[in-house]
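Just passing along the structure, written as structure tokens.
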Amino acid sequence: MIQAPSKAMSETGDPLLLTPGPLTTSKSVKEAMLHDWGSRDSAFIRMNSEMRDLLLDIAGADPQTFAAIPIQGSGTFAIEAMLTTFVPRQGHILLIVNGAYGHRAKEICRIAGRGLTLYESPEDALPSVDEVEAILKRENSITHLFVVHCETTSGILNPIEEIARLARMYQKDLLVDSMSAFGALPLNCDRLQLTAVAASSNKCLQGVPGIGFVICNLASLESAKGNATSLVLDLQDQYQGFKRNGQWRFTPPTHAISAFRQAIEEFQLEGGLVARNRRYSNNCRILIEGMTKLGFKPLLSTNLQAPIIVTFRMPADPKFIFSTFYDELKRRGYVIYPGKLTVADSFRVGCIGALDAEHMHGFIEAVREILLTMAIDLCAPLVSIRSPE
Ligand SMILES: Cc1ncc(COP(=O)(O)O)c(C=O)c1O
């Protein structure tokens, strides 16, 4: 008799999201949304002020020098707000790109009419710090640098410290997209002397979607007055609003904020960034070891891999139909993500969110079961695109 597959579920009976976000959240985070708040109510204003202070703390940002500015919307809203607030209309930004989110930043700068230089490296390789330096030497009109912390397209961990060193050395303003890394991978705004870093509520801090935020240097924010080319994405004006009366300029995502406040509390109870990094790294290790044993090949070598999301090459076996694999996983309670690479056919599995070792072992077991039912005997990819660096 064929046994029904065991079904994994979150605390509230939903499938587990092994994706780059939105992610599986705890029941208590969801429960924090069971109330209504007036946006001008003092308890709500206090909640916002606590949230902003705690974000600074997580970013290693001195409140005398930095501000945390939340903005309504998804992560891209925060990225666009950061780029268009800090890069003046006559500015010139060097975009370090090795994936789709770097390209998205380019698109934002292009539409906003900001001068840009693109330095692009392959999706499965680190940007060369020497080449970035050569561009900085060559093009002295460059005012800003942009880099993605963990490029979620592949899962690669970019050399943020070295890029920050170059930014300091050449006195450029550094803007960082730390969307998929913030709260799980170390990033110290003070030490790295960052101009700004953008992230969102629904990634490694395990809140629900709806809030982007930018942590930025106050002196740079002051000199960014008048740069904005959008009303709603003007971080300078958003900050002035908070300074004036602690309120959002426009209707705040009240429920998402309450959930985020709860999520940050849970982040602290878990043991902060160190503990979260440890749990995600363990999830990532179980995932890679288990999938490798089943014959799958990760795109990146371990030294390039961030413990956030893992890209696997699509198996060569023609019996491996990704849509069937996806549906069977979903039936067993696991949602994964299609690939976003241009260099190879792939799919992605996330290790972030309210997931632990037991969930990851359950996922590997589900994959093993599905491979048996699909009669797949070769999970290796057809050709190697390049040997990992
Ligand atoms: C590195 C990075 N930047 C930007 C974004 C865009 O965020 P959103 O989809 O919330 O707009 C994502 C989303 O996954 C991301 O991983």
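Coordinate-derived values only; no laboratory data. What you see is a predicted model, and the numbers here were worked out from it, not measured in a lab. Counting neighbours? That spans all protein chains shown, and the Cβs are built from the backbone with ideal geometry, glycine included.
Return a whole-number percent for the relative contact order of the range 283-356, with Cα pairs under 8 Å and 6 or more residues apart as the contact set.
Numbers: 80 pairs, mean separation 26.3, N = 74.
It comes to 36 percent, rounded to a whole number.
In whole Hz, what ³J(HN,Hα) sequence does the range 184-194 give by Karplus (6.51, -1.76, 1.60; θ = phi - 60°), x for Gly and Pro?
Once θ is set to phi - 60°, the couplings for the range 184-194 become 10, 10, x, 7, 9, 4, 4, 5, 7, 6, 6 Hz.
State the volume of the convex hull built on the alpha-carbon positions of the range 10-146, expressed per residue in Å³ and rounded to an integer.
Details: hull volume 24.2 nm³, N = 137.
Output value, Cα hull per residue: 176 Å³.
Among 301, 339, 223, pick out the residue whose Cα is farthest towards the positive end of the charge dipole of the range 213-348, where Lys and Arg carry +1 and Asp and Glu carry -1 on C-beta, about the Cα centre.
301
Show the residues, 5+ positions off or on another chain, whose built amide H is closer than 5 Å to the amide H of residue 16.
Close amide H contacts, sequence-distant or interchain: 10, 334, 335.
With θ set to phi - 60°, apply the Karplus curve 6.51 cos²θ - 1.76 cosθ + 1.60 along the range 163-172 and write out the HN-Hα couplings as whole Hz, x wherever there is a Gly or Pro.
Per residue, the Karplus-derived 3J(HN,Hα) values read 5, 5, 4, 4, 4, 5, 4, 9, 6, 10 Hz.
So, one more: Where the Cα atoms of the range 273-366 are projected onto their three principal axes, how long is each span, largest first, in whole Å?
Result for the range 273-366: principal-axis Cα extents of 42, 30, 23 Å.
To test your reading of the geometry: what angle, between 0 and 90 degrees and rounded to tens, separates the Cα axis of helix 272-293 from the longest principal axis of the chain?
Compared with the principal axis, the helix lies near 30 degrees.
Moving to a separate point now. Among 230-237, 180-187, how do they line up by average Cβ neighbours within 10 Å per residue, starting with the highest?
Numbers: 230-237: 18.2, 180-187: 24.2.
Ranked by mean Cβ neighbours within 10 Å, highest first: 180-187, 230-237.
Let me ask another. What does the charge add up to near residue 375, with Lys and Arg as +1, Asp and Glu as -1, over the other residues with Cβ less than 14 Å from its Cβ? Spell out each step's value before the answer.
Numbers: positive: 319, 368; negative: 317, 328, 369, 377.
With Lys, Arg at +1 and Asp, Glu at -1, the net is -2.
For a quick check: with amide H placed at 1.01 Å from N, whose amide H comes under 5 Å from residue 92's, ignoring anything fewer than 5 positions away on the same chain?
The answer is 143, 144.
Among 292, 76, 152, which one shows the highest mean-square fluctuation when the chain is modelled as a Gaussian network with alpha-carbon springs under 10 Å?
Maximum fluctuation in the GNM of the chain, among the listed residues, is at 292.
Now for a different question. Once every DSSP H run of n ≥ 4 in the chain is given -39500 (n - 2.57) and the sum is divided by its residues, what mean residue ellipticity at 222 nm do you get, rounded to the nearest 500 deg cm²/dmol?
Values: 13 runs with 154 residues, N = 389.
Helix-only estimate at 222 nm: -12000 deg cm²/dmol.
Okay, moving on. Is the shape of the range 83-157 best called rounded, prolate or oblate, per the rule: a/c under 1.5 gives rounded, else a/b larger than b/c gives prolate, else oblate, with a ≥ b ≥ c the square roots of the Cα gyration tensor eigenvalues? Walk me through the numbers on the way to the answer.
Details: a/c = 2.44, a/b = 1.29, b/c = 1.88.
Oblate is the answer for the range 83-157, as a/c is 1.5 or above yet b/c matches or exceeds a/b.
Using only the alpha carbons of the chain, what is the convex hull's orientation-averaged projected area in square nanometres?
Details: hull surface 77.0 nm².
That works out to 19.2 nm².
Once both axes come from the Cα atoms, what is the angle between helix 100-111 and the longest principal axis of the chain, in degrees from 0 to 90, rounded to 10?
30
Taking only the Cα atoms of the range 232-389, how large is their convex hull per residue, in Å³?
On the way: hull volume 27.5 nm³, N = 158.
Given the Cα convex hull of the range 232-389, per-residue volume reads 174 Å³.
When the chain is treated as a GNM, springs tying every alpha-carbon pair under 10 Å, which of 106, 172, 137 comes out with the largest mean-square fluctuation?
In the Gaussian network model the winner is 137.
Just to confirm the number: angle between the C-alpha axis of helix 357-374 and the first principal axis of the chain, 0 to 90 degrees, nearest 10?
Value to nearest ten degrees: 50.
Considering all projection directions equally, how large on average is the shadow of the alpha-carbon convex hull of the range 164-288, in square nanometres? Mind showing how you got there, number by number?
Numbers: hull surface 38.4 nm².
Over all viewing directions, the range 164-288 projects a mean Cα-hull area of 9.6 nm².
Mind checking the log10 I(q)/I(0) for the range 85-225 at q = 0.08, 0.12, 0.17, 0.20 Å⁻¹? Debye, one equal scatterer per Cα, no solvent, two decimals.
For the range 85-225 at q = 0.08, 0.12, 0.17, 0.20 Å⁻¹, log10 I(q)/I(0) is -0.19, -0.44, -0.93, -1.33.
Ok, one more. In whole percent, what relative contact order does the chain give with Cα contacts below 8 Å and a gap of six or more residues? Could the numbers behind the result be given before it?
On the way: 784 pairs, mean separation 95.1, N = 389.
Result for the chain is 24 percent.
Under 15 Å from the Cβ of residue 56, count the other residues' Cβ atoms, weight Lys and Arg +1, Asp and Glu -1, and hand me the total. Intermediate results must be reported in sequence, preceding the final value.
Working: positive: 52, 191, 243, 261; negative: 50, 53, 57, 62, 190.
Net charge in that neighbourhood comes out at -1.
Report, ordered by chain and residue number, the aspartates and glutamates lying within cross-link reach of residue 319, taken as a straight Cα distance under 13 Å and ignoring same-chain residues fewer than 8 apart.
377
Something else about it: If you split all Cα-Cα distances of the range 182-254 into 10 Å bins from zero, what percentages do you get per bin, shortest first?
So the P(r) values, bin by bin, are 16, 44, 36, 3.
With an 8 Å cut-off on Cα pairs and a minimum separation of 6 or more residues, tell me the relative contact order of the range 179-308 in percent.
Values: 114 pairs, mean separation 32.3, N = 130.
It comes to 25 percent, rounded to a whole number.
Around residue 249, what is the net charge, scoring Lys/Arg as +1 and Asp/Glu as -1 over all other residues with Cβ under 11 Å from its Cβ? Walk me through the intermediate numbers first.
Numbers: positive: 244; negative: 234, 237.
Overall, the nearby charge balance is -1.
So what J values fall out for the range 16-31 if you push phi through Karplus, 6.51 cos²θ - 1.76 cosθ + 1.60 with θ = phi - 60°, rounded to Hz, Gly and Pro as x?
So the Karplus estimates, Gly and Pro as x, are 7, 9, 9, 10, x, x, x, 10, 5, 10, 6, 4, 5, 5, 5, 5 Hz.
Please express the shape of the range 277-325 as an equivalent ellipsoid: the semi-axes are the square roots of 5 times the eigenvalues of the C-alpha gyration tensor, given largest first in whole angstrom. Mind showing how you got there, number by number?
Values: eigenvalues 102, 23, 18 Å².
They are 23, 11, 10 Å, listed largest first.
Springs between alpha-carbon pairs under 10 angstrom, Gaussian network model over the chain: which of 97, 129, 148 fluctuates most?
129
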